[in-house]
Structures are given as structure tokens and as C-alpha cells.
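Enquirer: This structure is in C-alpha cells; I'll ask about it shortly.
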Amino acid sequence: MQRTALYTKHLESGAKMVDFAGWEMPIHYGSQLQEHHIVRTDAGMFDVSHMTVLDLEGPSAKVYLLHLLANNVEKLKEHGKALYSCMLNDAGNVIDDLIVYHFSDTTYRIVVNAATREKDIAWMQQQIAPFDATLTERDDLSMIAVQGPTARERVLGMLPESHTEVASKLGVFYGDYLGDWFIARTGYTGEDGFEIIIPHAQAPEAWDALLAAGVKPIGLGARDTLRLEAGMNLYGTDMDETTSPLVSGLGWTIGWKPESRNFIGRAALEAQKAAGVPQKFVGLVLEGKGVLRSHMKVVCAAGEGETTSGTFSPTLGVAIALARIPAACGDTCEVDIRGKLHPAKVVKPVFARNGKSVLN
């Protein structure tokens, strides 16, 4: 079992540790529900050092990414601008989702998921062979995500004065280097905030400084309910190597233009699109009492589908889920909970952002 550089800090804060993708990580520090509300109303921090950071450099770095990723890195014109993309196999299905930061056409930083680290790196190294570029895993770095309506001001208050000006000017979905730190205005909660990537040796001191600034530690349990409320996909649950972006609510991440860009999986996606995408990815809101979980059967007039993620939403006070259902389904359905069908509304797959419901 692997441990992050912040392991002892979690124990000091009373964390309950669990196995997550081979890492011993905090699931909560006493109350998952309370931690969820802290991020929606104030500021919380997550140890996400299990994520994989990769640096890409070389004359052909951009051309390599144009081939590797479904989204189009040509969109990245400004220093530090970030792009969310899926990385597909030849069948057009999702190997992983990731974020890539652009610093020049020869220099990028990529962050991929923890559970997919080995297969991601193997695939990326296999694909890079014809290109004049080098991919380097940065296993010397930790990552702390600070999220919530007061997150930015609390982080800016604890940063060294030399870093504050750059960090304060970061736009949404931008990142930049602050000496040997890297700070990005990105996250996985539907709240504003920063993700901070720093050398392992500096992580405990940064964690303590954030604690002193009033930021509370938050476990991976609340991170999951927060991302689900925000309608953010979880790899391995909402999409995987058996599903395409077109049936996973991620069609918006496909860079179709220019037609001449032959990214991996393009031909398969075009064939699926031409044949008619059989399913759609939606949000569900349970009408009555009960809790929605993953892999529950969904029934509507057009056929059957399945929930991919589900939880009781602390922000909304109702059960919610993400689901893959027949494309012809309307705005109502039923969910099979322990053998009994319960009515649910079909909604856009985003439930809350910036601490508030986005449901009509």
C-alpha cells in the first residue's frame, strides 16, 4: 500500500484511512456530511497526491497530443491554459480522462487518474514512439486541492508574497509555475479554488499553513458527493474502456474540427454518430424517499438503462444519480431499488454549482 507525503498529517487530523487505488487515503475526518457542507460554504482541502503528474516536452509535443487526445490542443493558445479531454482507444472508448496544461507548443503538463496510472503511461509511451517528444512521470510531487467559496482568498493569504500576484491573476482553468510550486485554478467539486502541486518535502508545511489559514481537511468520501452534485464524471464508474464519450455525457470534449485531425478513436466515433447514438447520459432526481447508487436498473417507456453513480445529495436534500438510458427516454423514468420501482425525474447531468442547486 502506498502512502502520500501527507499521511501523518491525516492521522494527526483523525482521518479514517482506506485503500483507494492502492493508496492509503483519508475517506473522512469524522463526518463526511459535515465535510461536504464545508466545501460548499467555506473552504476545504483534499490530498490528491495519488493523482499522476506527467510533463511532456519536445519539438513534436503538440503534434503528439493532437493525435493522442479527443479534444483539440490547438485551442490552447495562452500560457497556462488548461484543457479537459478524454484519451481514447481505437474503438473510440475511454482509456482515461485528464487535464493538460499548455505552456508552449513544446511544453505541457498532464494530470491523469490514480487508478489508471500504469495503463495510461504504457499507452501514452506506446503512442509517443514516432514523435520527437519525451513524457516524464513526476513522482516527486504532491498535490493539494483547496476548494470552496473562500478557498482562493485563504490560499492567497498563506502564499509567500512573491507568489501572490501570479496566483491572484489566474483565470478559471489556468495554471502557472510559482518557483518549484505549480498552482492551477481547477478542481473537481463544482466550487472555485486551486490545485497546488509541490515537491513532497514541502507538502506537510503547506498543509499546516492551510490549516492555520482556516482551511479544513476533507476526505475522498465528500469529494465523491461533491463531484457528483457538480455532474463531473468519475472514471471507472461513469465511463471506461467499454463506453465512448458520446454515451457518457462527454461529447462536448470531442474536437471534431478540423476534419483532417485523425485522433485515436475518431473513425469509431464518427461511425457511432452516423449510426445514431443509442443512449444518452442524464441526471436523475428521485421523487420520493430512498438512496440511489450505481448499477441500478432504470426503466422508461423507450427501454431500460442503468445508473452509473448515485448518492444522497447533501446540498439538495434528495437522492441523485448519473445514468445511461435509451436516447428516446423522456423526462420521467423509474429506478429499481431493491426490487421496487421508484419514480424519478430526468434532468441535465448537473445538480449543483457554487453551493446552489441548478435544478429548475
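Enquirer: Considering G255, G330, which residue is of a type in the set (G, A, S), assigned to a loop (DSSP other than H, G, I, E, B) and not assigned by TED's automatic domain parsing to the domain that holds L65?
Expert: From the options G255, G330, the qualifying one is G330.
Enquirer: Then there is this: For residues in region 192-208 being acidic (D, E) and out of contact with any Lys or Arg (no Cβ under 7 Å at 6 or more places or on another chain), which is surrounded by the most Cβ atoms within 10 Å (Cβ to Cβ)?
Expert: E195
Enquirer: Run down L170, L141 and say which single residue is in contact with a Gly (Cβ under 9 Å, 6 or more places away or on another chain), touching a residue at least 60 places away in the same chain (Cβ under 8 Å) and either buried (at least 18 other Cβ atoms within 10 Å of the Cβ) or assigned by TED's automatic domain parsing to the domain that holds L6 (or both).
Expert: None of the other options fit; the residue is L170.
Enquirer: Please state which of the following conditions E12 fails to meet, knowing it meets all the rest: (1) free of Cβ contacts under 8 Å to residues at least 12 places away in the same chain; (2) touching a strand residue (DSSP E or B) at 6+ places or on another chain (Cβ under 7 Å); (3) more than 23 Å from L234 (Cα to Cα).
Expert: It fails just one condition, (2).
Enquirer: Taking I38 and the conditions (1) out of contact with any Ser or Thr (no Cβ under 8 Å at 6 or more places or on another chain); (2) outside any helix (DSSP H, G or I), which numbered condition does it fall short on, given that it satisfies the others?
Expert: If we test I38 against (1) out of contact with any Ser or Thr (no Cβ under 8 Å at 6 or more places or on another chain); (2) outside any helix (DSSP H, G or I), just (2) comes out false.
Enquirer: Before we move on, is I121 surrounded by fewer than 23 Cβ atoms within 10 Å (Cβ to Cβ), assigned to a strand (DSSP E or B) and of a type in the set (A, V, I, L, M)?
Expert: no
Enquirer: Please work out which residue is surrounded by the most Cβ atoms within 10 Å (Cβ to Cβ), limiting yourself to region 341-360 and to residues that are in a strand (DSSP E or B) and within 19 Å of the chain's Cα centre (by Cα).
Expert: Within region 341-360, the match that is surrounded by the most Cβ atoms within 10 Å (Cβ to Cβ) is A352.
Enquirer: Ok, one more. Tell me whether region 270-291 contains one or more residues that are surrounded by fewer than 14 Cβ atoms within 10 Å (Cβ to Cβ), in a loop (DSSP other than H, G, I, E, B) and in contact with a helix residue (DSSP H, G or I) (Cβ under 9 Å, 6 or more places away or on another chain).
Expert: yes
Enquirer: Further, regarding this structure: Assuming W252 fulfils every condition listed in (1) surrounded by 13 or more Cβ atoms within 10 Å (Cβ to Cβ); (2) closer than 30 Å to A319 by Cα apart from one, which condition is it?
Expert: (1)
Enquirer: A further question follows. Is it true that S13 is among the polar types (S, T, N, Q), under 29 Å from T311 (Cβ atoms) and touching a helix residue (DSSP H, G or I) at 6+ places or on another chain (Cβ under 7 Å)?
Expert: It is false that S13 is among the polar types (S, T, N, Q), under 29 Å from T311 (Cβ atoms) and touching a helix residue (DSSP H, G or I) at 6+ places or on another chain (Cβ under 7 Å).
Enquirer: Being polar (S, T, N, Q) and not in a strand (DSSP E or B) is the filter here, so list the residues in region 43-76 that pass it. Lay out the reasoning, then the answer.
Expert: Step one: filter region 43-76 for residues polar (S, T, N, Q), giving 49, 52, 60, 71-72.
Those that are polar (S, T, N, Q) and not in a strand (DSSP E or B): S49, S60, N71, N72.
Enquirer: Kindly indicate whether D97 is in a strand (DSSP E or B) and of a type in the set (D, E, K, R).
Expert: On the way: in a strand (DSSP E or B): yes; of a type in the set (D, E, K, R): yes.
Criteria met by D97.
Results for (1) closer than 23 Å to A267 by Cβ; (2) surrounded by 23 or more Cβ atoms within 10 Å (Cβ to Cβ); (3) touching a residue at least 40 places away in the same chain (Cβ under 8 Å), shown as yes or no for each residue.
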residue	(1), (2), (3)
A21	no, no, yes
M25	no, yes, yes
S31	no, no, no
T41	no, no, yes
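Enquirer: Let me ask something additional. Can you confirm whether R338 is among the charged types (D, E, K, R), surrounded by 16 or more Cβ atoms within 10 Å (Cβ to Cβ) and out of contact with any Cys (no Cβ under 8 Å at 6 or more places or on another chain)?
Expert: So R338 does not fit the description; no.
Enquirer: With (1) in contact (Cβ under 8 Å) with a residue 24 or more places away in the chain; (2) surrounded by 15 or more Cβ atoms within 10 Å (Cβ to Cβ); (3) over 24 Å from T225 (Cα atoms) as the list, and L156 as the residue in question, which single condition is left unmet?
Expert: (1)
Enquirer: Condition first: more than 19 Å from the chain's Cα centre (by Cα), farther than 30 Å from F182 by Cβ, surrounded by fewer than 20 Cβ atoms within 10 Å (Cβ to Cβ) and at pLDDT 95 or above. Can you find one or more residues in region 209-223 that meet it?
Expert: Taking every residue of region 209-223 in turn, none turns out to be more than 19 Å from the chain's Cα centre (by Cα), farther than 30 Å from F182 by Cβ, surrounded by fewer than 20 Cβ atoms within 10 Å (Cβ to Cβ) and at pLDDT 95 or above.
The values are calculated or read from the model by the stated rules, or taken from the named source; none is laboratory data. Keep in mind that what you see is a predicted model, and the values were worked out from it rather than measured. Reconstructed Cβ throughout: ideal geometry from the backbone, glycine too, with neighbour counts over all protein chains shown.
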